[in-house]
Amino acid sequence: QVQLVESGGGLVQAGGSLRLSCAASGSAFGINRMGWYRQAPGNQRELVATITSAGSSEGTTNYADSVKGRFTISRDNAKNMVYLHMNSLKPEDTAVYYCVAFVVVKMAQYTYWGQGTQVTVSS
């Protein structure tokens, strides 16, 4: 089991910045990849960014087209933390942001979610 706790959400004006943090605990040693998804009211949950935490692809990042060039994902494996640095925020970035961790154990993948943190961008 992996527990994820997000922090750093809030209200910001368009063009502003926020940094989200996610702390992993429990069986965090098995985490292969971590990232962020978001869900706006009436919409499905969508990928924001992921970063590989282990293996030959460690540090590899993946971003949704809508956030490329504005958001940066980073991680601190020693602290089992992942961060999302969000710049040039737009009202359409308003959503609940969820931290996610993917754990691979004996060829099986398990997905763990945090409780979410609200990001609201005002125009």
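The table below lists the values:
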{"quantity": "Pair list, Cβ < 8 Å and 6+ apart or interchain, from region 16-31 residues that are open to solvent by less than 20 Å² (accessible area, probe 1.4 Å) to residues that are charged (D, E, K, R)", "calculated": "Leu20/Glu6; Ser21/Glu6; Cys22/Glu6"}
{"quantity": "Number of positions in region 32-50 that are farther than 14 Å from Thr111 by Cα and open to solvent by less than 20 Å² (accessible area, probe 1.4 Å)", "calculated": "3"}
{"quantity": "Selection status of Ser57, at pLDDT below 95 and under 10 Å from Val82 (Cα atoms)", "calculated": "no"}
{"quantity": "Filtered residue count, region 62-86, keeping only those that are open to solvent by 50 Å² or more (accessible area, probe 1.4 Å), in contact with a helix residue (DSSP H, G or I) (Cβ under 8 Å, 6 or more places away or on another chain) and in a strand (DSSP E or B)", "calculated": "0"}
{"quantity": "Positions within region 107-123 being in a strand (DSSP E or B) and loosely packed, with under 14 Cβ neighbours inside 10 Å, in sequence order", "calculated": "Ala108, Gln109, Thr111, Gln118, Ser122"}
{"quantity": "Test for Thr52: is it of a type outside the set (D, E, K, R), without any contact (Cβ under 8 Å) to a residue 40 or more places away in the chain and touching a strand residue (DSSP E or B) at 6+ places or on another chain (Cβ under 6 Å)", "calculated": "yes"}
{"quantity": "Test for Val104: is it assigned to a strand (DSSP E or B), open to solvent by 40 Å² or more (accessible area, probe 1.4 Å) and touching a residue at least 24 places away in the same chain (Cβ under 8 Å)", "calculated": "yes"}
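The values are calculated or read from the model by the stated rules, or taken from the named source; none is laboratory data. Computed from a predicted model, the values in this text were never measured in an experiment. As a convention, Cβ positions derive from the backbone with ideal geometry for all residues, glycine included, and neighbour counts pool all protein chains shown. In case anyone asks, the SASA skips ligands and DNA or RNA and just uses the protein heavy atoms, side chains included. Shrake-Rupley method; radii C 1.70, N 1.55, O 1.52, S 1.80 Å.
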